[in-house]
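> Structure incoming, see below.
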Amino acid sequence: MFDEELVRPQYSVVIPLHNEEGSVEELYECLSEVMTGRYEPAEFIFVDDHSSDRTSRLLAELAEDDPRVVVIRLKRNYGQTVALAAGFDYAGGEVIISMDGDLQHDPADIPTLMAAFEQTGCDIVSGWRKNRVDNFLLRRLPSRVANWLMAKLSGVNIHDFGTTFKIYRRDAIKPIRLYGEMHRFIPALASWNGSTVVEAPITNVVRPGGRSHYGISRTIRVLFDLLTIRFLVKYVTRPLHFFGPVGLLSMGGAVLMAFWLLEEKVRTGIGLFAEHGPLMVVAMILFLAGLQLISAGLIGELVSRTYFESQGKLTYTIERVIAYESSSGNLKAPRARNIPGL
């Protein structure tokens, strides 16, 4: 039985795969060449998203030959986000590297990302496909628009949210729970927790073989994810601030209409429903809509508190605590003070 501390990896490489039998062996060879002797001890975590081709068998053979290789096969095809989440949950390294398994991410770029990681002391280094080789209308143009929107709405100023090729500090990625197709928004979610994000250019090559699993149809889904991320990053602890202003504006408009209609009734004596029936209906709809929005915000406040308090989650994260003993001048032990968030 080996000592766990001796065999625990320093670097974990997480690679989601789905029907990539044509790239598995070449990817492993390139990855092993880069990591061996330079970034060790390491583990290579291949997450098989229930492939239907020879991917699973090839991965099993690699795991049999190389103890660094770990293969996680999911019971059905969940998608890239869930596959990444499974790999992140298993990863034991202090530095976690994620990349695609279709050879469009070159393992030879890992030293470039690691250099930026070590020089800046950041929590996340995100790859930037500065010179993309994809189709302009179907891939590059929608991606450019989506990345611009993501940067503006999330507040994280990077050029390429879509690439999976990133390096994470363990403490930055482990607390993040991934749902839906949120993997491309990890920098925004991590930034909300106080993590620092930088980017470094990577090469982008034409997919050597197989079929891409992504198309222009995902652009629509990205727009919905953007709304979710904007809410999570800015309003998750204060949802009434999101719903309240719109609700008050709606109710205020309804009240102004009601006062004007009342003034018309007093001044002219006209029948309101006969003369201004549509306007009365609009005022009632606006008032009820505003009331519902404010109610939704109040319910959101209750749900937010239930979410944090029922799971013991904190609304903040602590980077470090500096405190000295008054007599000896020695540093106090923060954990001995039972400080949450550490």
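The values are calculated or read from the model by the stated rules, or taken from the named source; none is laboratory data. Quantities reported herein were computed from a predicted structural model and do not represent experimental measurements. We place every Cβ from the backbone using ideal geometry, glycine too, and count neighbours over all the protein chains shown. For accessibility, only protein heavy atoms count, side chains too; no ligands or nucleic acids. Shrake-Rupley method; radii C 1.70, N 1.55, O 1.52, S 1.80 Å.
> Need at least 2 residues that are over 25 Å from Ala42 (Cβ atoms) and open to solvent by 20 Å² or more (accessible area, probe 1.4 Å) per element, so show me which helices (runs of 4 or more DSSP H) inside region 74-189 make the cut, counting only ones lying wholly within it. Break it down stepwise before answering.
Values: elements: 80-90, 110-120, 141-154, 170-173.
Once the helices (runs of 4 or more DSSP H) in region 74-189 are filtered for at least 2 residues that are over 25 Å from Ala42 (Cβ atoms) and open to solvent by 20 Å² or more (accessible area, probe 1.4 Å), what remains is 141-154.
> Select from region 196-214 the residues that are of a type outside the set (A, V, I, L, M) and modelled with pLDDT of 90 or more and list them in ascending order.
Here is the first cut: in region 196-214, the residues of a type outside the set (A, V, I, L, M) are 196, 199, 201, 203-204, 207-214.
Correct list: Thr196, Glu199, Pro201.
> Another question, then. Could you check, for region 46-66, whether at least one of its residues is under 26 Å from the mean Cα position of the chain (by Cα), among the hydroxyl-bearing types (Ser, Thr, Tyr), outside any loop (DSSP other than H, G, I, E, B) and crowded, with 16+ Cβ neighbours inside 10 Å? Spell out the reasoning first.
Within region 46-66, the first condition is being under 26 Å from the mean Cα position of the chain (by Cα), and the residues that meet it are 46-51.
Retained after the next criterion (residues that are among the hydroxyl-bearing types (Ser, Thr, Tyr)): 51.
Checking the rest, the ones that are also outside any loop (DSSP other than H, G, I, E, B) come to none.
Scanning region 46-66, I find no residue that is under 26 Å from the mean Cα position of the chain (by Cα), among the hydroxyl-bearing types (Ser, Thr, Tyr), outside any loop (DSSP other than H, G, I, E, B) and crowded, with 16+ Cβ neighbours inside 10 Å, so the answer is no.
> I'm told Glu263 meets every condition in (1) over 28 Å from Thr237 (Cα atoms); (2) of a type in the set (Asp, Glu); (3) surrounded by 14 or more Cβ atoms within 10 Å (Cβ to Cβ) except one. Can you identify the failing condition by its number?
(3)
> Separate question: If you scan region 266-285, which residues turn out to be among the aliphatic types (A, V, I, L, M) and closer than 24 Å to Ser250 by Cβ?
Within region 266-285, the subset among the aliphatic types (A, V, I, L, M) is 266, 270, 272, 274, 279-285.
Listed by number, the residues that qualify are Leu272, Leu279, Met280, Val281, Val282, Ala283, Met284, Ile285.
> Within region 165-178, is even one residue of a type in the set (Asp, Glu) and modelled with pLDDT of 90 or more? Lay out the reasoning, then the answer.
First pass over region 165-178, keeping only residues of a type in the set (Asp, Glu): 171.
Imposing the further condition that a residue be modelled with pLDDT of 90 or more reduces the set to 171.
Yes, the conditions are met somewhere in region 165-178.
> Next question. Could you run through region 215-231 and say how many residues are surrounded by fewer than 16 Cβ atoms within 10 Å (Cβ to Cβ) and modelled with pLDDT of 75 or more?
4
> Of Leu298, Leu293, Leu314, which residue is under 37 Å from the mean Cα position of the chain (by Cα), part of a loop (DSSP other than H, G, I, E, B) and closer than 18 Å to Arg238 by Cβ? Break it down stepwise before answering.
Working: Leu298 fails: part of a loop (DSSP other than H, G, I, E, B); Leu293 fails: part of a loop (DSSP other than H, G, I, E, B).
Going through Leu298, Leu293, Leu314 in turn, the sole match is Leu314.
> Tally up the residues in region 281-305 that are surrounded by 16 or more Cβ atoms within 10 Å (Cβ to Cβ) and free of Cβ contacts under 8 Å to residues at least 40 places away in the same chain, please.
Residues flagged as surrounded by 16 or more Cβ atoms within 10 Å (Cβ to Cβ) and free of Cβ contacts under 8 Å to residues at least 40 places away in the same chain within region 281-305 amount to 3.
> With respect to Ile72, determine if the residue is over 29 Å from Pro201 (Cα atoms), modelled with pLDDT of 95 or more and of a type outside the set (Lys, Arg). Step through it out loud before you land on a result.
Numbers: over 29 Å from Pro201 (Cα atoms): yes; modelled with pLDDT of 95 or more: yes; of a type outside the set (Lys, Arg): yes.
So Ile72 passes the test.
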